[in-house]
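Just below is one structure, and these are the notes that go with it.
Nothing in this text is a laboratory measurement; each read-out follows from the coordinates by a stated rule. In this text, all values refer to a predicted model and were calculated from it rather than measured experimentally. We place every Cβ from the backbone using ideal geometry, glycine too, and count neighbours over all the protein chains shown.
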Amino acid sequence: MDKIVIVVPCYNEQEVLRQFYAKLSNVLRELQDCSVSCLFVDDGSTDATLQILRELSAEDSNVHYRSLSRNFGKESAMLAGLDAANGDAVILMDADLQHPPELIPEMISWWRKGYDDVCMKRTDRRDETIFKRMMANLFYRVLQMVSRCTIQRNVGDFRLLDRRCVAALRLVRENQRFTKGLFTWIGFRKKELPFHVQPRAAGKTTWSYFALYNLAVEGLTSFTTAPLRLTTFLGLAVSLLAISYMFIVLINALLYGDPVAGYPTLMTVMLFLGGVQLLSLGILGEYLGRVFMESKQRPIYLVAEADGKDVLYAPEDSPERRIVRSVEKRGQLDETE
Ligand code: UDP
Ligand code: MG
């Protein structure tokens, strides 16, 4: 029987958690031919989330949880879930009921057909403001322009991953995680299914515009070094322009003498150059900062509590677990599909 683990990162979700669990178990009850367990990852919530998780896991032996020692962010919480989940397949979903659990059977059926990564593609972003949609559009455009992999549009974290993909994601231990990009980066056979994003059942989203901006920078810098190349290009273009201008000034001075003027031009050029230099420095800084963060090699998250037990890390513990083994084939994919 196939073993499927549903990984749910939760951060301050006390209002929806029970509702989510009720809805999920309704769907899971219908599933006969596989054993499904839930793994909640409490991402350092400050409300009753952890308490609710303790209760749920006491009531239902199929509910497990990990509680991180503080808020590490959704990306790290998801990795904590993936590290701890050992199923034949893992389903990632949000706790706020924006990802409808009713789609799980369909996801599993596509997985059985042989796909490794069944991603759910949102068909509309109508629940978002126009500004947010425009920004998302621009972000995808830029990312697609500069990167070699095909970026999946409007595909989020709601997906089913075969254990091969989970094992692959576990190998990627970068601190600054842009999971959306990592899903694309690992490759494997992907199937996109459309779905409607539901409005949040209760509680509120933790994503501010600033956080989204940070995520976008994260996405760009962790995926591509194109901005660095852009600075080289800018430098080159500005130098060429400067040289041409130099000749103009020189010839002007030779032909017509050199009356002291040109304060506005001087200012413009200086300010422009200053701007370009600061921008280039900033871009360099973004990458340098990332190198600095990664070079510290800190663990990506710390688990404080796991299924009712306190977690104590031994000094030699490494969260990195390399899973290398061969497994049976699930189904043969028809390449023409
Ligand atoms: N989440 C998390 N850690 C965080 C922020 C969010 O684990 O620091 C979880 C949250 O509980 C939810 C999911 O990530 O299950 C998506 O968060 P949210 O609904 O705030 O984001 P949105 O749906 O607006 O993208
Ligand atoms: Mg949400």
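Some notes on this structure:
- The chain: mean projected area of Cα convex hull, nm²: 23.2 nm²
- Positive-end extreme of charge dipole, the chain - chosen from VAL41, ALA84, THR225 (charges on Cβ): THR225
- Three principal axis lengths of the range 29-93 [C-alpha, angstrom, descending]: 37, 24, 15
- For SER67, net neighbour charge (Lys/Arg +1, Asp/Glu -1) across residues whose Cβ lies under 12 Å away: -1
- Percent of Cα pairs exceeding the 21 Å cut-off, where the set is the range 118-199: 35 percent
- Radius 13 Å from Cβ of ILE283, net charge of other residues (Lys, Arg +1; Asp, Glu -1): +1
- Helix runs (DSSP H) in the chain reaching 18 Å along axis by Cα, Kyte-Doolittle at least -1.0: 17-30, 130-146, 209-223, 226-256, 263-295
- Beta bridges per DSSP with both ends in the chain, % antiparallel, nearest 5: 35 percent
- Unsatisfied cross-links (Cα-Cα over 29 Å) in the set LYS191/LYS309; LYS3/LYS180; LYS74/LYS309; LYS180/LYS309; LYS23/LYS74: LYS191/LYS309; LYS180/LYS309
- Ascending count of other beta-carbon atoms within 10 Å, so fewest first, for PHE40, PHE72: PHE72, PHE40
- Charge tally around GLY44: other residues with Cβ under 14 Å, Lys/Arg +1 each, Asp/Glu -1 each, net -3.
- Mean separation of Cα contacts under 8 Å (6+ apart) over length of the range 101-224, as relative contact order %: 39 percent
- For the range 27-174: rounded, prolate or oblate by the Cα gyration tensor [a/c cutoff 1.5]: prolate
- Largest first and in whole Å, the equivalent-ellipsoid semi-axes of the range 236-311 read 57, 11, 7, each the square root of five times a Cα gyration tensor eigenvalue.
- The chain - percent relative contact order, Cα under 8 Å, separation 6 or more: 22 percent
- Within the listed set GLY181, GLY285, GLY308, the Gaussian network model of the chain (springs between alpha-carbon atoms below 10 Å) gives the highest mean-square fluctuation for GLY285.
- Reduced Cα scattering model of the range 1-42, Debye log10 I(q)/I(0), q = 0.31 Å⁻¹: -1.13
- Using the alpha carbons alone, the radius of gyration of the range 85-129 stands to its Kirkwood radius in an Rg to Rh ratio of 1.02.
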